[in-house]
Amino acid sequence: MFLLGKASAQDPHFSQFFTSPLTLNPAFTGKFYGSYRVMGNYRNQWPTINNAFTTATAAIDFHVLQNSISANDTWGVGFVGYNDNSANGAVKFNYASFSTAYHKGLDEDGNHQIGIGFQATYANMLINTAQLKFEDQLTGAGFTGITSEVFNNATLQTRYLDLNAGFLYNGSSSDKNNFYFGISLYHINRPKQQFTGAVYNLSPRANISAGTYFPVGASNFIHLSGLQMFQGGASETMLGGAYQMVADPNAEKPTSLYAGAWIRLNDAIIPYLGLEFGDLRLGMSYDYNTSALKTASLNRGGIEISLIYVNRPSTDKPMNCPKF
């Protein structure tokens with residue numbers, strides 16, 4: 001107790017941050033080539049530490065009023081459902097978000113755009129005290145004693161409204177490359193979490209993300225991306241990339257295999273495999289802990305799965321958009 005100066009923590013997030021764009025930056029809303037986009041993510045972090053964190057999202061976004069705005073502009077609307085369980089299910093967060101973003105074309109062909117997005121989130125947090133375990137319950141037979149912390153098996157609950165915003169620049173110099181840079185800020189209004197009298201204000205979270213892809217040879221591509229996050233006393237840096245091997249480059253919707261890795265500095269190495277066929281892209285990654293936590297996690301940081309479906313009618317105007 002005397003040695004502990006402070007504790008730092010971050011919001012739930014994904015190693016495949018590029019597959020959950022609406023939780024990364026509200027300005028990504030509607031930034032895709034197609035009519036609508038459906039996304040899903042699942043992450044099981046540190047399963048050897050009593051299922052420390054399991055996180056899942058489902059999201060959809062689409063374009064609106066395309067016939068009423070400039071042909072080089074895009075207006076997107078999106079919805080996100082977000083669930084995060086920790087302490088083996090004793091603590092549960094449920095989020096529901098609405099986001100919108102307008103992307104303004106900077107040139108005649110729409111190869112360069114800037115976008116501004118806003119997001120409102122309703123959050124509901126539950127703590128099932130009957131599932132919480134304390135040191136004074138530990139006996140020779142396991143956690144069977146009675147704790148001195150008296151909750152009477154209550155369910156503690158708090159609700160709040162959260163506001164987020166973001167900026168995004170997206171550009172292309174040809175029909176085979178793309179580059180982007182974005183900044184977002186979450187918890188702008190510093191919402192309050194309150195359970196038993198104590199009040200905690202959520203610290204704002206700032207994300208800085210950037211990425212690019214470009215051709216290698218006749219039909220393959222290299223994708224690179226990075227993310228820097230700050231929240232309270234915590235920070236996180238991720239860098240990496242993937243190589244895209246196109247199986248049938250002459251097809252209207254070619255099949256591709258992605259292989260690569262990202263690094264979370266001072267924490268984990270994250271191999272990634274992806275498969276794109278038709279309008280679907282499936283991704284899998286695994287966090288291999290390299291930090292001091294590997295003693296407890298047995299190097300098993302956690303598995304993550306992502307799925308993205310983009311409806312791309314052949315009548316749509318081709319557009320190069322961020323992918324990683």
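The values are calculated or read from the model by the stated rules, or taken from the named source; none is laboratory data. Since we're looking at a predicted model, the values are computed, not measured. Cβ sites come from the backbone with ideal geometry, for glycine too, and all protein chains shown count toward neighbours.
Numbers at a glance
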item: Hits in region 247-269 (condition: part of a strand (DSSP E or B) and under 20 Å from ALA234 (Cα atoms)); result: TRP262, ILE263, ARG264, ALA268, ILE269
item: Whichever residue in region 187-212 is β-branched (Val, Ile, Thr) and outside any strand (DSSP E or B) and, among such residues, is nearest to PHE93 (Cα to Cα); result: THR196
item: Odd one out for PHE53, checked against (1) modelled with pLDDT of 90 or more; (2) buried (at least 16 other Cβ atoms within 10 Å of the Cβ); result: (1)
item: Verdict on GLY34 being buried (at least 16 other Cβ atoms within 10 Å of the Cβ), part of a loop (DSSP other than H, G, I, E, B) and at pLDDT below 95; result: yes
item: Residue check, LEU273 at pLDDT 95 or above, assigned to a strand (DSSP E or B) and surrounded by fewer than 16 Cβ atoms within 10 Å (Cβ to Cβ); result: yes
item: Hits in region 213-242 (condition: assigned to a strand (DSSP E or B) and more than 21 Å from the chain's Cα centre (by Cα)); result: PHE214, PRO215, VAL216, ASN220, PHE221, ILE222
item: From the options LEU227, LEU265, residue that is among the aliphatic types (A, V, I, L, M), in contact with a helix residue (DSSP H, G or I) (Cβ under 6 Å, 6 or more places away or on another chain) and in contact (Cβ under 8 Å) with a residue 24 or more places away in the chain; result: LEU227
item: Verdict on TYR243 being hydroxyl-bearing (Ser, Thr, Tyr) and touching a residue at least 60 places away in the same chain (Cβ under 8 Å); result: no
item: Out of ASP162, ASP175, sole residue that is of a type in the set (Asp, Glu), modelled with pLDDT under 95 and not in a loop (DSSP other than H, G, I, E, B); result: ASP162
item: SER68, sole failed condition from (1) surrounded by fewer than 16 Cβ atoms within 10 Å (Cβ to Cβ); (2) under 29 Å from TYR286 (Cβ atoms); result: (2)
